[in-house]
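Everything on this sheet refers to the single structure shown next.
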Amino acid sequence: MRTQPLTAEAFAPFGDVLDCAGAPDKMINEGLCGRFHDRAQLDFADGRAGISLFQAEPRSLPYTLTLVERHPEGSQAFIPMSFEPFLVICAQDLGDTPGEIVAFETAPGQAINFHRGTWHGVLTPLHAPGLFAVVDRIGPGANLEEFRLAEPVLIERG
Ligand SMILES: NC(=O)N[C@@H](O)C(=O)O
Ligand code: NI
């Protein structure tokens, strides 16, 4: 299957796109900063928000996907700390199992937030340095379900 450009509309079933598209919601700091306010649906059931840094190995396209995962107790945001695009993989939810895989390539300056329970591929940079801030749930109990695909899915550039 092939990647598609990340847009808020196409990603809406899976989560939020964070970018500075359009006009800011408000100008702050004496008019020197545009605030794109409250742009993600965060959820940290029975826990709290945490900010972690991920230093991930870059991958290449074509990319062979063998596993997806989800976090039933919380949302998870991937915020690149570079201006490099990255690969975002999701799957529709069929209840206990993931459905069709959908793959996006971000534009520079875009970040994403997976909604609670969204099936997704793990953090997948396409270029070094692979450095991301990740905002997700810190709390008790399990918050990771993994699903190994019956057949690997080859993801190619769209
Ligand atoms: N396991 C972990 O902290 N990261 C994954 O959830 C991921 O989506 O990369
Ligand atoms: Ni995850």
Cα-derived Rg to Rh of region 4-155, Kirkwood definition
0.97
Could you work out how much longer the chain between residue 39 and residue 1 gets when fully extended? Use 0.36 nm per residue separation minus the Cα distance between them, nm to one decimal.
10.7 nm
Obtain the nm distance between the two label points defined at residue 29 and residue 151 by a simple spin-label model: each point lies 7 Å from its Cα along the Cα-to-C-beta direction.
5.1
Heavy-atom accessible area of the chain with neighbours in place, 1.4 angstrom probe: carbon+sulfur share in percent works out to 53
Measuring from a point 7 Å past the Cα of residue 57 along Cα-to-C-beta, which residues in region 120-146 have an amide N at less than 20 Å?
121-133
What does the accessible area per residue of the chain come to in Å², with a 1.4 Å probe and no ligands, DNA or RNA counted?
53
Which FRET efficiency value, to the nearest 0.05, is calculated for residue 122 and residue 48 with the Förster distance at 30 angstrom and r the Cβ-Cβ distance?
0.85
Three-way shape label, region 6-83, alpha-carbon gyration tensor, a/c 1.5:
prolate
Region 110-158: C-alpha gyration tensor shape, a/c 1.5 cut-off, then a/b vs b/c:
oblate
Could you check what % of the DSSP bridge pairs in the chain are antiparallel, to the nearest 5?
95
Per-residue ellipticity at 222 nm for the chain, helices alone: DSSP H runs ≥ 4 residues times -39500 (n - 2.57), over residue total, nearest 500 deg cm²/dmol?
-500 deg cm²/dmol
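The values are calculated or read from the model by the stated rules, or taken from the named source; none is laboratory data. Note that this is a predicted model, so its numbers are computed, not measured. Note: ideal-geometry Cβ built from the backbone for every residue, glycine included; neighbour counts use all protein chains shown. Side chains included, ligands, DNA and RNA excluded: accessible areas come from the protein's heavy atoms. Shrake-Rupley method; radii C 1.70, N 1.55, O 1.52, S 1.80 Å.
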